[in-house]
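Structure first, commentary second.
Nothing in this text is a laboratory measurement; each read-out follows from the coordinates by a stated rule. The model shown is predicted, which means the values in this text are computed figures rather than measured ones. Using ideal geometry, Cβ is built from the backbone for each residue, glycine included, and neighbour counts are taken over all protein chains shown.
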Amino acid sequence: MNPFTSLQACSLAVKIKDFKGTYSSVDKYFAPGLSGSEVNELLRADGISDGNIEGDSVMVTNSGEIQADLYITSRFLVSNYDPAVENPCTLLMDGKFGQ
């Protein structure tokens, strides 16, 4: 872009209402200065008893379901500002930009 150029910028955020999905993960727990056994004892005290000690860490397999309203930014547009041209942000919202 040239110096003193006017720009327009906009992004499109989409709301997904009542999103539902499953997830799975392997969670790594560790604490500087503690051994894996000590970390495992702390996890057991918090009700997490299915961890596997690996060195100074504890690995725990986790899974479940998530339900939430999500906002996702799907497009971001920066363009030269030209008052004679239709607002590109409007085109982005209508799904017409880039087609």
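A few points about this structure:
- Additional length obtainable on full extension of the chain from R75 to N87, 0.36 nm per residue less Cα span: 2.8 nm
- Using the rule -39500 (n - 2.57) for each DSSP H run of four or more residues, divided by the residues of the chain, the 222 nm mean residue ellipticity is -4500 deg cm²/dmol.
- The angle between the Cα long axis of helix 36-45 and the longest principal axis of the Cα atoms of the chain comes to about 80 degrees, rounded to the nearest 10.
- Once exposed loop chymotrypsin sites (Phe, Trp or Tyr not before Pro) are cut out (DSSP; at most 14 other Cβ, 10 Å), longest piece of the chain: 5-80
- Magnitude of the charge dipole, the stretch 7-94, Cβ model with Lys/Arg +1 and Asp/Glu -1, debye to 20: 260 debye
- Of the residues G33, G51, G21, the one that moves most in a GNM of the chain with alpha-carbon contacts below 10 Å is G33.
- Model label points for Y23 and N2, set 7 angstrom from Cα along the Cα-to-Cβ axis, are 4.8 nm apart.
- Per-selection Kirkwood Rh - the chain (Cα, Å, 1 d.p.): 18.3 Å
- Under 19 Å from the Cα of K28 - aspartates and glutamates, other chains or at least 8 residues apart: E38, E41, D46, D50, E54, D56
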